[in-house]
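First up is the structure itself, then whatever we jot down about it.
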Amino acid sequence: QVVAGNPAGLCRRAGDRSNRNEVSVVSQADDRGTDGESTSTSSISEFDRVGGETAVRELVDRFYDLMDLDPGVSELRALHATALDGSRDKLFWFLCGWLGGPQHYTERFGHPMLRARHMAFRIGIKERDQWLACMRQAMSDQGLDPQLAQRLDDAFFKTADWMRNRGV
């Protein structure tokens, strides 16, 4: 089984039940034409499809800019430190690896253990939806291919929903 929110399927779970549902998988794009023949290589990672480190950094920066500027996501913003530099770096490092690129986060901190690391924060449906709204807007603002953005959004939803630790 592939581990928590890892669209590239790089991490594998070895029977650790504490990570159950922590990972969702974004399948590689189905690059088959109508005749069933491959129209492109399936070895292209979501990291490369997004545009590499520069594009991931821009996506993360746009995400946090939106979170910082939009009063409609105040509950989400309140969960973060006043200065967002540390959060920006950690999400950038995490997303690089999660998308199939360099494993910056795991090299620094080990396994992401997303749910465990988020348990200290009260995360409900509202906070989940605010996080997703910021990420959807950031992906749109960055001009991600709509099919890629939808695959990522599906995986983000599964992971964000698993971060919830309160019902509302």
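Lys and Arg at +1, Asp and Glu at -1: add these up for the other residues within a Cβ distance under 9 Å of Leu99 and post the number.
Value of the local net charge: -1.
Put a dot 7 Å past each Cα toward the Cβ at Asp65 and Arg122; how far apart are the dots in nm?
3.2 nm
Please compute the net charge surrounding Lys126, taking Lys and Arg as +1 and Asp and Glu as -1 over other residues with Cβ under 13 Å from its Cβ.
Neighbour charge sum, excluding Lys126 itself: +1.
Find how much the distance from Ala133 to Ile44 grows on full extension, using 0.36 nm per residue of separation minus their present alpha carbon separation; answer in nm with one decimal.
The Ala133-Ile44 span can extend by a further 29.4 nm.
Please find the FRET efficiency linking His111 to Leu148, where r is the Cβ-Cβ separation and R0 is fixed at 41 Å, and quote it to the nearest 0.05.
The formula returns an efficiency of 0.95 here.
Would you calculate the separation in nanometres between label points at Glu53 and Ser87, each defined as 7 Å from the Cα along the Cα-to-beta-carbon direction?
Between Glu53 and Ser87, the simple spin-label model gives 2.4 nm.
Could you pull the accessible area for Val73 with a 1.4 Å probe, rounded to 10 Å²?
10 Å²
Using label points projected 7 Å from each Cα along Cα→Cβ, tell me how many nm separate Gln103 and Val168, to one decimal.
Here the modelled spin labels are 4.2 nm apart.
Note down the net charge around Leu79, summing +1 for each Lys or Arg and -1 for each Asp or Glu among other residues with Cβ under 9 Å from its Cβ.
Its environment carries a net charge of 0.
The values are calculated or read from the model by the stated rules, or taken from the named source; none is laboratory data. Computed from a prediction, not measured in an experiment: that's the story for all the values here. Neighbour counts run over all protein chains shown; Cβ positions are idealised from the backbone, glycine included. Surface accessibility is based on the protein's heavy atoms, side chains included, excluding ligands, DNA and RNA. Shrake-Rupley method; radii C 1.70, N 1.55, O 1.52, S 1.80 Å.
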